[in-house]
Structure formats: C-alpha cells, structure tokens
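What follows draws every value from the coordinates through simple rules; no lab data is involved. If you're wondering where the values come from, they're calculated on a predicted model, not measured in any experiment. Using ideal geometry, Cβ is built from the backbone for each residue, glycine included, and neighbour counts are taken over all protein chains shown.
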Amino acid sequence: MVFEMSSGMIRGLGTVVVFVAFVGLTLWVFNSKRNPEFAEARLLPFADESHPDSTQEPETRSTRS
C-alpha cells in the first residue's frame with residue numbers, strides 16, 4: 001500500500017501544527033503561575049532609570065526668575 005501526501009494534506013497538517021502552537025502559547029502566557037515573572041518583566045524598561053534622591057530639592061524646568 002502506497003500512501004501519497006497531497007499538497008492539501010501537507011497544508012492541513014501545517015495548519016494543525018500552527019494551531020496547536022498557538023493554543024500552547026496562549027495557555028503559557030495566561031498561566032497564573034507566570035504572573036510574578038511577567039510583573040518583573042513589565043518593569044524592565046525602567047530598570048536603567050536613576051531614582052531621584054529624596055534629600056535634594058527637585059529641579060524645576062521653569063526659566064522664569
């Protein structure tokens with residue numbers, strides 16, 4: 001018995017693979033166990049900013065005297 005895979009069968013299998021990957025990724029992202037990890041990652045863009053020293057007066061941007 002010879003089994004030939006048509007292009008439609010290959011495309012269908014590709015669609016199934018992509019759908020399974022999408023469902024897996026969705027479950028991984030919305031898993032509640034990952035919440036602390038994502039909360040930390042959410043703050044990464046601000047990691048290099050220096051925090052103002054509370055003992056100094058805040059600088060003003062006004063040019064008036």
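Some points to look at:
- Taking a sphere under 13 Å around the Cβ of Leu43 and counting the other residues whose Cβ falls inside, with K and R at +1 and D and E at -1, yields a net charge of -3.
- Computed label-point distance, nm, for sites Asp48 and Val29 using a 7 Å Cα→Cβ extension: 2.6
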